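The values are calculated or read from the model by the stated rules, or taken from the named source; none is laboratory data. Bear in mind the structure is a predicted one, so any value in this text is a computation, not a measurement. Heads up, the Cβs are rebuilt from the backbone with ideal geometry, glycines too, and the neighbour counts pull from every protein chain shown. When the accessible area is computed, the model is the full protein with side chains, heavy atoms only, and any ligands, DNA or RNA have been set aside. Shrake-Rupley method; radii C 1.70, N 1.55, O 1.52, S 1.80 Å.
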Amino acid sequence: MSTRYWCESAWVDGAVARGVLLSADDAGTLTAVETGIDTAPSDAEAVHGFVLPGGVNAHSHAFHRMLRGRTHGDGGTFWTWREVMYSVAAKLDPQSYETVARAVFAEMLAGGYTSVGEFHYIHHDQDGTPYGTDRPHRDGADPVAEAHDHTERPRGDADAGAGPRAHAMERALARAAASAGIRIRLLDTCYLTGAIDAELSVEQARFGDGTIDGYMDRHSALAESFAQEFPVNAPGESFVHVGAAIHSIRAVPAANLPRFTELTGPVHVHLSEQPAENEACQAAYGATPTEVLARSGAVDDRLSAVHATHLSDEDIALLGGSRSTIVMCPCTEADLADGIGPARELADAGAVISLGSDQHVVLDALRETQGLEAGERLRSGQRGRFSPAELITALTEGGAHSLELPVGSLEVGKACDFVALRTDSMRTMGSLDEQIILTATSADVHLTVSGGRVRVRDGVHTDLGDISGLYAQAFAALEMEG
């Protein structure tokens, strides 16, 4: 069996090609990519407009979408925004999280993404107790206070992640991604301290695993469990993967960072998003966050540094020289007044540039891509800091490299993931070939395909229906006014 799509024009081998015929097997893997086919064969769906490989969203916090349009009334700062975020995190349980994530992932698909790196740190129950644990609270103990008690105690199978409800929040995300049809790298995040040398706060209790050994044990159990539940038999079928993340230098002590060199696969980290983070790191370690990571051996080509906004020249050289990936999140960085990171300098130094939507100010792959170039123009006073081809590469191949997924280009052996943009809308009419990357928005995404299957057509999810209706369910699940 084969699924075939004839594309009026498409981005193939780093250039615009006309009359592109894509063939995929029943596993959703591309088996043929032919160009110069003048008309659509009778057994192929004709896709008009301009086709791009599916966008890769290399940095997402799914539940942050629930804050969109709700934190701007009194200005505030990154840190006051974070307090609102904690209040939403406290409401989530596995059932409501799946409902929220399903809506968010559906909107991602409609916005031009077919893969996502979910930077996930809400691991445990509201009181900090691991899911799958039948252990009762100690007599007379306050459950939240107990969650902050890091006294070493024997870890049985339940604490290590066994039991029917183990990894309940992670499974909720995997189910949501599978139901929406988006490819996910679940970046299992280590979060041990509330700040450098500070205990987790009450709001952060459910994020932590007590010790680095606690994280490593749970992470290993999660990876083993998901490898069995979601085996990867072919690129097109590879919808659920596990990776690792260091939340930040403030959340993982420097002495623990070398442990991440023991892991295989991608490792992500929030890096130098705020000046206050750099100042605290300098005070504690006498070094920048990048330098602290480099001393641990964690700066290599598996590392993705998210934001990387406030860097020294030495930081740029370290990240570029190691071929690390930089995940820029332009719309979030603007929304939170983080600043504009040195993307061009990082790319010139050798780093791979990719894109993420972070807190989902918008879920629009085109606007994020345009934001990368817009930020560079604003900080440099120059146009064309990134060419249209480089912008497409950041959205597609850069993200694929960051998440180590078999996507990012339309070529045989990769997953059949793509999005189609209208070339005749009031926004895109007259755009010359790949320059549409600078004019289109999510409103121009008229078809999204992942694993060879149509997931979203004209803004409506083919399985889940109206996406705004999914959000109505999500806000109701959290008892928030939608």
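Computed from the Cβ-Cβ distance with R0 of 41 Å, the FRET efficiency linking Glu479 to Leu438 stands at 0.50. You can think of it this way: the chain between Arg457 and Ala46 has 146.6 nm of extra reach, that is 0.36 nm per residue less the Cα-Cα gap. Glu262 sits with roughly 110 Å² accessible to a 1.4 Å probe, with DNA, RNA and ligands left out of the calculation.
Heavy-atom accessible surface of Asp13, to the nearest 10 Å², is about 140 Å², with a 1.4 Å probe and all protein chains retained. Working note: Debye formula, equal point scatterers on the alpha-carbon atoms of the range 174-255, no solvent; log10 I(q)/I(0) at q = 0.10, 0.22, 0.24, 0.25 Å⁻¹ is -0.31, -0.98, -1.07, -1.12.
Report relative contact order for the chain in percent, whole number only (criteria: Cα-Cα under 8 Å, sequence separation at least 6). Display every interim value, and only then the final one.
Details: 1086 pairs, mean separation 100.0, N = 482.
In percent, rounded to a whole number, it is 21.
Within the assembled protein chains, the solvent-accessible surface assigned to Met429 is about 130 Å², based on a 1.4 Å probe. Sorting Ser87, Ser304 on solvent-accessible area from highest to lowest, probe radius 1.4 Å, gives Ser87, Ser304. Considering only DSSP beta bridges where both residues belong to the chain, give the percentage that are antiparallel (nearest 5). Of those bridges, close to 45 percent are antiparallel. For the range 318-395, the carbon plus sulfur part of the accessible surface works out to 51%, probe radius 1.4 Å. In the full protein context, the chain carries 37 Å² of accessible surface per residue, based on a 1.4 Å probe and ignoring ligands, DNA and RNA. Residue farthest toward the positive end of the dipole of the range 1-123, with Cβ of Lys/Arg at +1 and Asp/Glu at -1: which of Thr114, Pro94, Thr35? Checking the options against the dipole of the range 1-123, the answer is Pro94.
Mean separation of Cα pairs under 8 Å and 6 or more residues apart, divided by the residue count, gives the range 202-326 a relative contact order of 20 percent. The stretch between Lys91 and Ala337 holds 85.9 nm of extra length on full extension. This uses 0.36 nm per residue minus the Cα-Cα distance.
What does the helix-only formula give at 222 nm for the chain: each DSSP H stretch with n ≥ 4 adding -39500 (n - 2.57), the total divided by the residues, and the result rounded to the nearest 500 deg cm²/dmol?
Working: 15 runs with 148 residues, N = 482.
Value at 222 nm, helices only, nearest 500: -9000 deg cm²/dmol.
If you roll a 1.4 Å probe over the range 1-94 with all protein chains in place, what percent of the accessible area is carbon or sulfur? Walk me through the numbers on the way to the answer.
Numbers: 1910 of 3910 Å².
Taking all protein chains in place, the range 1-94 shows 49 percent carbon and sulfur surface.
Of Glu279, Glu404, the residue with the largest accessible area leads and the full order is Glu279, Glu404 (1.4 Å probe). Residues Leu355, Leu318, sorted by accessible area with the largest first, give Leu318, Leu355 [1.4 Å probe; ligands and nucleic acids excluded].
In the chain, which whole DSSP H runs stretch at least 27 Å along their own axis (Cα) and average 0.0 or higher on the Kyte-Doolittle scale? Could you put the intermediate results ahead of the total?
Details: long enough: none.
Qualifying helices, which must be both long enough and hydrophobic enough, do not occur.
Short to long, the 20 Å bins of the Cα pair-distance histogram for the chain hold 25, 58, 17, 1 percent of all pairs.
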